[in-house]
Structures are given as C-alpha cells and as structure tokens.
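The values are calculated or read from the model by the stated rules, or taken from the named source; none is laboratory data. The shown structure was predicted, so the numbers you read here are calculated from the model rather than taken from an experiment. As a convention, Cβ positions derive from the backbone with ideal geometry for all residues, glycine included, and neighbour counts pool all protein chains shown.
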Amino acid sequence: MDADGDGIGDLPGILARLDYLAWLGVDVLWLCPIYRSPNDDNGYDISDYCAIMDEFGTMADFDRLLAAAHHRGMRVILDLVINHTSDEHPWFAESRSSRDNPKRDWYLWRDGRNGGPPNNWESIFRGPAWEHDAATEQWYLHLFTRRQPDLDWDNPAVRAAIHAMMRWWLDKGVDGFRIDAITHIRKAPGLPDMPNPQGLAQVAAYPYHMNVAGILDHLDELCRETLAGRDAMTVGEANGIGPFEAEEWVGATRGRLSMILQFEHWHLWSDAPRAALDVRALKRILGRWQTALHGRGWNALYLENHDLPRVVSRWGDPQQHARESATALATMYFLMEGTPFLYQGQELGLANASFAHLDDFRDRFAHNRIAEMRTAGIDDDAILDELRRTGRDTSRTPMPWDDGPQGGFTTGTPWLAVHQDYAQLNVARQQSDPHSVLHHYRALIALRRREPALLEGRYAALAPRSTRLYAYTRGEGNERIAVICNLSGRPATFRHVGFALDSRGLLLANRPVAPHGPRHTLRLAPWEARVYRVANAQSGQVTRR
C-alpha cells in the first residue's frame, strides 16, 4: 500500500493495512528488503543494513509499524540478504578502492585467467558471475547481478560485522529473519570451474557455491552469536537442500534455523513451464518433506513468493476454474505440517499479470533473460510469451485493495502496472463475498488454529497412485482429519476402505456438498476440495476430540 502517492508501497501504507491482516488471521508479517538500496534488484542489493530505503519511509515509520504489529499480536520478520551487498555499500567502496585496503578481502577478488574471468561460473541471474574492475585490475564475484558483489564468508571480520548488524535489529524488537540465499554463503576453496546449469537457473545445482562443506559451521556461529537465548523466527531460503538433509538445518536438537524454504517442488514447473501439474510427483516431493521432518524439525509451506509466477497460472486453471483451482491448491498445501506462507495477492486467487510489452518488465532477471534470448536470435514475441509465463514481475504487481483507480493501491502512478483483473479480484469485493478465495484462506487459517491434529499430527498419504487426487490425513487413530483435493479439470473418484467420510464431519469445502451419511467413496468435481473429520470405519460415527 502506498500512503504518500508516489506510486511505491511504503511502511505507512503497510501500517494502514494491519487490521486487514489481523482480520485474515495472519500472525507473522515477512517484509521483503526495506533497507537503503539503489534498487538494482528490488532491494536485494543493500547499501546500508541499518537504514530504511527513502521510498519506503523512515526508521521512525518502521518503529511505529513494529509496535502496531506487536500490539495486534503479530510478529515481524525482515528479509535479510547476507550473501552479498550492493556495490554502493561502504564496505565494497573500501574494498574496491585498492588491493591493499583492509576490506579488500571482505569480498571475493581474483586475478583473471587468459585475459578473461577467474573461472567459468555463471550468474544465477544469467551471464558471467565475474565483473572486471579496471582500477585495480582484478575481478569480483557476483552470483546475482553485477551490482551485488558476494561477501567472503570465510573472513571472520565479515561474519562478525553481519552478526553485530543482526543483533542490532533483534535488539530493536524485530522478531526474526528470512535469510536470503543462505545456502550460497560459502564457496568451494580455490573456486574451481564447474558445469553451469541450463534452463531456469534459479532452481539449478551449483556444486561449488551451494551447500558447500563447512557452511554449517558458519551457520552455527551465526546462530550462536545472534540468536542464542532469543525467541526469534528464522527462515532460510535453502536452494539445494533435500528433505533428508533438512534436519541438519532445522532439526529440533540442532539449534539452527526454525525452518527452510525448500526448492524441490519448483522443479515441477521450472523444468517444464508449459506442462500440466504432475500431481503424483508433487505428492512424492511434499510427502517426503512431511515424513522426513515429522518429530524432528519443521516445514515451511508455500506455493507462491516474490520469485515465482502465480500458482493459479502455473498449476491451476485461471480460465475455466479460477476460484476452484485457487482454493483447491490452497487446501492441498495449507493443512500440512509446518508454517504456511501467503504471498500478497495469493489470498485473492490472482493469476499472472499480463504484460503487453517487454519494456513493461522491471525485474533485473527478466532484463538479462531478454538480452540472452535476443542474442540467441529469438524474436520478441516469443520472448514475451516466455516471460508472461515465467517472469517474476507477473506476481509483483501492486496489491488490489478495491475497484477504484489503481486498485486503491496509490493515488499516483504505480511503480508497476496494476493487475488486469483488479476490478473483480480485490480485497473489498472478496471480503463482502463469503464464497471468495479470500474467505476460503481465512477459513483455512481458522481451521488450523482450532484443530490440534492440523498442527502436529502425523501426515499420511492417501491415493498415492492417483494422477488427479492429492489426499492425505493428519493425526492418528480416532483423531484424524482427511484432506482430499482434486487437482485437475476432470472429475475424480476417491475411495478408501480404512475409514468412512460423513458430511456431519465436513470441516471445509470449496464447493457445495450435499448431506450424506458414512461413505468410503466420494465423487469429486473438477478442482473440488474437501476436509473431513474421519468417521470410525465400523460404527460410521464421526470421531470427536
């Protein structure tokens, strides 16, 4: 929300909408980077960790927001980028000033090789991962944009400076951090050449700068020096970590992170952006995470974020079953074991924003991809078609609050055009419609809160061979809840002989359900989702707590 009319959302704007978040049931607010930044990568290039970006407001505005959130029982976590800084950060200004500057080894500087970069690494954002500095005749590493030089985490002085900064925010009352690109902070000794991944590189493997041996030592030190003794929530963005490695990062006895955002289910879309959802593969991936961490650690549950296109466009049906597919996908992931995350606008069922021209994209990754495809001889129409499907800006459009000018987001011209469907899909309209996607998410949040089985109950897969149904139970014995979702545009039949389902135990559904007695078979419409309290198989009675 933009409070001052300059077209850019800001801290006072968020403050003005806290009551909406409280109404929805949100209890943690994750803010993408709000620090001072030249904005080469939407704030993920930080030039001052202890100052607020001017467009977003002041530190006094942040303090008011934090106090107001705490007053409503909400926590606030900050997106923290510690793999790299902006090239305008004072640390880097010193580092690049001369080869013998004391901060030279705060970043990764190397001599070139055969007139080119020190090794063959490519940036995660496409193109070379090295930038030449003419003044000192060396190259610096940047895994993301050229204006995001990587810090050298093997330098104890770097780590100490990061720890001090994190303690400063925690002492202010911040409730924790979402730590960006955490698995990339350590690089392999010697920085050897490696096979560069193809395709959408954000979800690819990087053996020499992702989850490199020794990274957990850095993580242990960070947690010991900044988080020990504090009630802080930490969420690591953890590309390259699988479910059976995850306990090392989030295990209840390890004293490390609260949870990690895993990337495995990204591959189902990123490896084949035009393919339909592979329901069986999704069940295998998410089921492994549920099983691996039960009783050992904690999952982060998500379908959308600022790096992904909208899930309704990726895996749903925005043309024929927009509401139903949005709510079925929501039900599928929201009731698993872990903390569910909602990205702004997801709770409205927004599909991808439609961009008319390549010039409409603001994201640095998109700009690099456009240049790469043009160099390969691909015409602009084909490039636009790809970016409409895969570009990150498709999910970054301003939040639509009502059907007024600019969706009620700003009185000025928004930094990115408002969503094409804002007049129909906005908060005001959906709050007044009890059957909206928004009310379904609100009901999911309320259901999790009142059902202990949905917090820590064991996950057990149902119908694992089905290509349409994603179904599972939470809990054990007579305290089970069944979640049954048809994730397809065709009818599907659910059968289970181990228990019965009775409409008296229906807890939530995204379509009307006619009253029925105990059944072992259900016929589900396209994109239909139901949540039942399980009935006893012998008596047909609905179990109660």
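Could we say that P452 is on the phi < 0 side of the Ramachandran plot, buried (at least 21 other Cβ atoms within 10 Å of the Cβ), touching a residue at least 60 places away in the same chain (Cβ under 8 Å) and not aliphatic (A, V, I, L, M) here?
It is false that P452 is on the phi < 0 side of the Ramachandran plot, buried (at least 21 other Cβ atoms within 10 Å of the Cβ), touching a residue at least 60 places away in the same chain (Cβ under 8 Å) and not aliphatic (A, V, I, L, M).
Could you list, ordered by first residue, the pairs with Cβ atoms under 9 Å in which the first is in the stretch 1-28 and closer than 25 Å to H439 by Cα and the second is polar (S, T, N, Q) and outside any loop (DSSP other than H, G, I, E, B), at least 6 apart or interchain?
D2/Q406; Y20/Q431; W23/Q431; V28/T339
For the stretch 43-55, how many residues meet the condition of being in contact (Cβ under 8 Å) with a residue 60 or more places away in the chain and in contact with a helix residue (DSSP H, G or I) (Cβ under 8 Å, 6 or more places away or on another chain)?
Residues meeting the conditions: 2.
What do you reckon, is R186 under 28 Å from T339 (Cβ atoms) and either in contact with a His (Cβ under 8 Å, 6 or more places away or on another chain) or surrounded by 20 or more Cβ atoms within 10 Å (Cβ to Cβ) (or both)?
Spelling it out, R186 is indeed under 28 Å from T339 (Cβ atoms) and either in contact with a His (Cβ under 8 Å, 6 or more places away or on another chain) or surrounded by 20 or more Cβ atoms within 10 Å (Cβ to Cβ) (or both).
Tell me which residues, restricted to the stretch 235-277, are within 18 Å of W30 (Cβ to Cβ) and in contact with a strand residue (DSSP E or B) (Cβ under 6 Å, 6 or more places away or on another chain).
Matches in the stretch 235-277: V235, G236, E237, A238, V250, L257, S258, M259, I260, L261.
Quick one: in the stretch 476-488, which of the residues that are at pLDDT 95 or above and part of a loop (DSSP other than H, G, I, E, B) is surrounded by the most Cβ atoms within 10 Å (Cβ to Cβ)?
Here the answer is L487.
Would you be able to say whether some residue in the stretch 126-136 is among the hydroxyl-bearing types (S, T, Y) and in contact with a helix residue (DSSP H, G or I) (Cβ under 8 Å, 6 or more places away or on another chain)?
Checked the stretch 126-136: no residue is among the hydroxyl-bearing types (S, T, Y) and in contact with a helix residue (DSSP H, G or I) (Cβ under 8 Å, 6 or more places away or on another chain).
When you go through T375, T397, T410 one by one, which is the residue that is surrounded by 20 or more Cβ atoms within 10 Å (Cβ to Cβ) and without any contact (Cβ under 8 Å) to a residue 60 or more places away in the chain?
T397
Just checking, does the stretch 459-475 include any residue being at pLDDT 95 or above and at positive phi?
The answer is yes; a qualifying residue exists.
Per-residue answers, yes or no, for (1) out of contact with any helix residue (DSSP H, G or I) (no Cβ under 8 Å at 6 or more places or on another chain); (2) outside any helix (DSSP H, G or I); (3) crowded, with 18+ Cβ neighbours inside 10 Å:
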position	(1), (2), (3)
G5	yes, yes, no
G9	no, yes, yes
D19	yes, no, no
A22	yes, no, no
W30	yes, yes, yes
P33	yes, yes, yes
